[in-house]
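Since the structure comes first, as C-alpha cells, the remarks are kept for the end.
The values are calculated or read from the model by the stated rules, or taken from the named source; none is laboratory data. Keep in mind that this is a model prediction, so the values were computed, not measured. Neighbour counts run over all protein chains shown; Cβ positions are idealised from the backbone, glycine included.
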C-alpha cells in the first residue's frame, strides 16, 4: 500500500499484516481521490475507521490541512502512528483510539466540523448507517461537507441512508465488489 499522489507520492505505508482489515485498493483510491480532488486543499478530514490511516494520509498528501484518524484497534493505532511518523505529519494529524460512537461524541464535544468524512467500517456491520446518523445528530459536517462510505454490503445501504432523509446521495461508484457512496446534507 502506498500514497498515490501529492507531496508524499509513492511513499509505502505500513499495513496490518494478517489482520482482519482490508485496505482500500489503489484501483478504488485513485478514482475516489479524483472525485474529491477539488475538495481536498485546506480540508478538515475525518477517517473514522482508519485501519492503517491510508485514506486520511492520502488526503494530507493531496493538500488537506488536518486529519483525524480514528480506530478502535490497538494494532491499527500503532500502524497509524508509524505511518504518520513516516510522513512526518504529526502536526496535521490527530489520532484517536476509540470506537466510532465515542469518537464522534468526543468530536462533538470539541465542536469539530469536517469537510470530508471517510466511513470504511467492517463490511458485515451496520456501523456506516449508525455513524451517518451520529454525524448528522452532532452536526459534524461543514456546510458543503461530504461523507464517503465504502461498502460491499449486498443489502441496500442507499435505501437506509435515503430513509434517514438527512443526506442526499449525489454519486455512487462500483469497483468490483466495492461500492463508494458520496453524500451531502440535504438543503
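When each of 181, 146 is tested for being farther than 21 Å from residue 52 by Cβ, at pLDDT 95 or above and either over 17 Å from the mean Cα position of the chain (by Cα) or in a strand (DSSP E or B) (or both), the lone residue that passes is 146.
All conditions but one from (1) touching a residue at least 24 places away in the same chain (Cβ under 8 Å); (2) more than 17 Å from residue 39 (Cβ to Cβ); (3) touching a strand residue (DSSP E or B) at 6+ places or on another chain (Cβ under 9 Å) apply to residue 149; the one that does not is (2).
Any idea which residue in the stretch 90-133 is nearest to residue 177 (Cα to Cα), counting only those that are in a helix (DSSP H, G or I), free of Cβ contacts under 8 Å to residues at least 60 places away in the same chain and under 15 Å from the mean Cα position of the chain (by Cα)? Quick ask: steps written out before the conclusion?
From the stretch 90-133, those in a helix (DSSP H, G or I) are 90-92, 100-109, 127-133; that's our starting set.
In the following step, the residues that additionally are free of Cβ contacts under 8 Å to residues at least 60 places away in the same chain were identified as 90-92, 100-106, 108-109, 128-130, 132-133.
Filter once more, so that each one left must be under 15 Å from the mean Cα position of the chain (by Cα): 100-101, 103-104, 128-130, 132.
Working: 100: 24, 101: 27, 103: 28, 104: 28, 128: 17, 129: 19, 130: 22, 132: 22 Å.
In this case the residue turns out to be 128.
Whether a residue is closer than 20 Å to residue 54 by Cα, out of contact with any strand residue (DSSP E or B) (no Cβ under 7 Å at 6 or more places or on another chain), modelled with pLDDT under 90 and surrounded by 15 or more Cβ atoms within 10 Å (Cβ to Cβ) was assessed, and residue 123 does not pass this test.
Close contacts from the stretch 157-173, counting a first residue that is touching a residue at least 60 places away in the same chain (Cβ under 8 Å) and a second that is surrounded by 13 or more Cβ atoms within 10 Å (Cβ to Cβ) and not in a helix (DSSP H, G or I), with Cβ to Cβ under 6 Å and a gap of 6+ residues or different chains, come to 171/182; 173/180. Can we say residue 52 is more than 24 Å from residue 161 (Cβ to Cβ), assigned to a loop (DSSP other than H, G, I, E, B), within 15 Å of the chain's Cα centre (by Cα) and touching a residue at least 40 places away in the same chain (Cβ under 8 Å)? So residue 52 fits the description; yes.
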